[in-house]
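J.: Attaching a single structure in structure tokens format; questions to follow.
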Amino acid sequence: MNFSEYITEASKYELQVYGIINSLYKNCMPFIQELRKSGGNVLWRGTHKVTTKSITQVTPRQDRHPKDMPEFIHDELDNRFQKKFGWKPRGTGVFVISSKGHAGAYGDEYIFFPVGKYRYLYNPDISDLFTEMEDSGMSGYSDYDDYIDSFVTGWEDEWEYDYGEGNQGEWEYDGIGTGESDRHFAEIAAANSDGIDEDDLDQTLFKWIPDMDLVDFIKYKRDEEESSDEKFYYDIINNYRDSNLNLAITRKVEIMFQCKTFYLVDEKFLDAVQKYVIRGEKLDFDPKQSKIGFEKVPMTRRNIQKQKGFPGTEDLEYAYAKHNIFTKPSKLDSLYVSKGKQTKFK
């Protein structure tokens, strides 16, 4: 008989809940204490890396590359975050949010708990930084120079409108300014200056002199755009915060966490997490009273294998893994073998 057959659905759920609570209380108390100030809310992470476990411990990548955001924007943001806050959340952070629906746009939803020490960043006015950068118009380009170059044609048209012939500038005749931007009046001024009839003017000696030439205008517009982009980046980064998590939860904005590892808890355990972890209520079942009906047997390989009809060590480990009982058999003080009666589960 397989070990898993001894476990009822009710007892399996209770064991999973107890395993989750034990893991979170043991490894996530700093976060739990902060989360309790949020009125019972939790943080969600969406991921396509589906797990069938009730709780999974994950080590975040330290070299994350953006899937949709251009690399040059990703790097620029991280460099600015590094300068202001001392770390690079876009490349090393874990992205979570208090809105389950928003998290679901990125995959299956799991409840998020950072393990041990952690820090976080959020902007109370930005729900998704990628969307914010996409709206800026930069996201459609491979690098910043390409983005800037995309403005050049428009700048040339703008220069023509402002400084092209007949606009801001004047006509010269034979190297001498006429003080006129209108060609007709420039011809009159040139004829009067030379004391000749307008029909006798050499039209090839007229030259348009704009108040600003095209090269200088493009440079001016480039500097203006770069200054605007600098302010755009500054305003975004400057409004990021690294405290008052409750504000981020209330605003339902994207939060970037830095931690060595974190837990993802299956969403079906949300009620249990809110009840026993966030609100800190006492268990309404006794985890030390097994509903499975096990009898205590000393934990030795020989005793395991000597039990008539009881699975070997490999089957036992499979059963524990299958039902997400986090204390592995090799670390239990004792093992419980079904004898058809209620016994304590240590």
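J.: Peptides 58-65, 106-113: what's the order by average Cβ count within 10 Å, highest mean first?
T.: By packing density, highest mean first, the sequence is 106-113, 58-65.
J.: Another question, then. Which net charge results when you count Lys and Arg as +1 and Asp and Glu as -1 among the other residues whose beta-carbon is under 11 Å from that of GLY86?
T.: Once all neighbours under 11 Å are counted, the net charge is +3.
J.: Taking the Cβ of each residue in MET29, MET69, MET138 as the centre, tally the other Cβ atoms inside 10 Å and list the residues starting with the fewest.
T.: Ranking MET29, MET69, MET138 by Cβ neighbours within 10 Å, fewest first, gives MET29, MET69, MET138.
J.: What are the ³J(HN,Hα) values, in whole Hz, obtained from phi via the Karplus relation 6.51 cos²θ - 1.76 cosθ + 1.60 with θ = phi - 60°, for each residue of segment 260-276 in sequence order, with x given for Gly and Pro?
T.: Per-residue couplings from phi come out as 6, 8, 8, 9, 10, 10, 4, 4, 5, 9, 4, 4, 5, 5, 5, 6, 8 Hz.
J.: Can you work out the PRE-style zone for GLU158? Point 7 Å along Cα to Cβ, and I want the residues of segment 113-151 with backbone N under 14 Å.
T.: 148-151
J.: A follow-up question, please. Under a point spin-label approximation (7 Å from Cα along Cα-to-Cβ), what is the TYR141-LEU247 distance to one decimal in nm?
T.: If labels sit at TYR141 and LEU247, their model points lie 3.3 nm apart.
J.: Just to confirm a number: summing +1 for Lys and Arg and -1 for Asp and Glu over residues other than ASP182 whose beta-carbon lies under 11 angstrom from that of ASP182, what do you get?
T.: -3
J.: Would you mind checking LYS67/LYS117; LYS83/LYS221; LYS49/LYS100; LYS37/LYS84; LYS12/LYS268; LYS117/LYS275 for any pair whose Cα atoms are more than 20 angstrom apart?
T.: Details: LYS67/LYS117 28 Å; LYS83/LYS221 28 Å; LYS49/LYS100 17 Å; LYS37/LYS84 27 Å; LYS12/LYS268 14 Å; LYS117/LYS275 23 Å.
Going by Cα-Cα distance, LYS67/LYS117; LYS83/LYS221; LYS37/LYS84; LYS117/LYS275 fall outside the 20 Å limit.
J.: Among residues other than HIS102 whose Cβ falls under 15 Å from its Cβ, what is the net charge (Lys/Arg +1, Asp/Glu -1)?
T.: It works out to a net charge of -2.
J.: If you plug each phi of segment 125-142 into the Karplus form 6.51 cos²θ - 1.76 cosθ + 1.60 with θ = phi - 60°, what whole-Hz ³J(HN,Hα) values come out, in order, with x for Gly and Pro?
T.: So the J values, rounded to whole Hz, are 10, 10, 7, 8, 5, 4, 4, 4, 6, 5, 5, 6, x, 7, 5, x, 10, 7.
Rule-based calculations on the coordinates, nothing more; no lab input. Model, not experiment: these values are computed from the prediction. Using ideal geometry, Cβ is built from the backbone for each residue, glycine included, and neighbour counts are taken over all protein chains shown.
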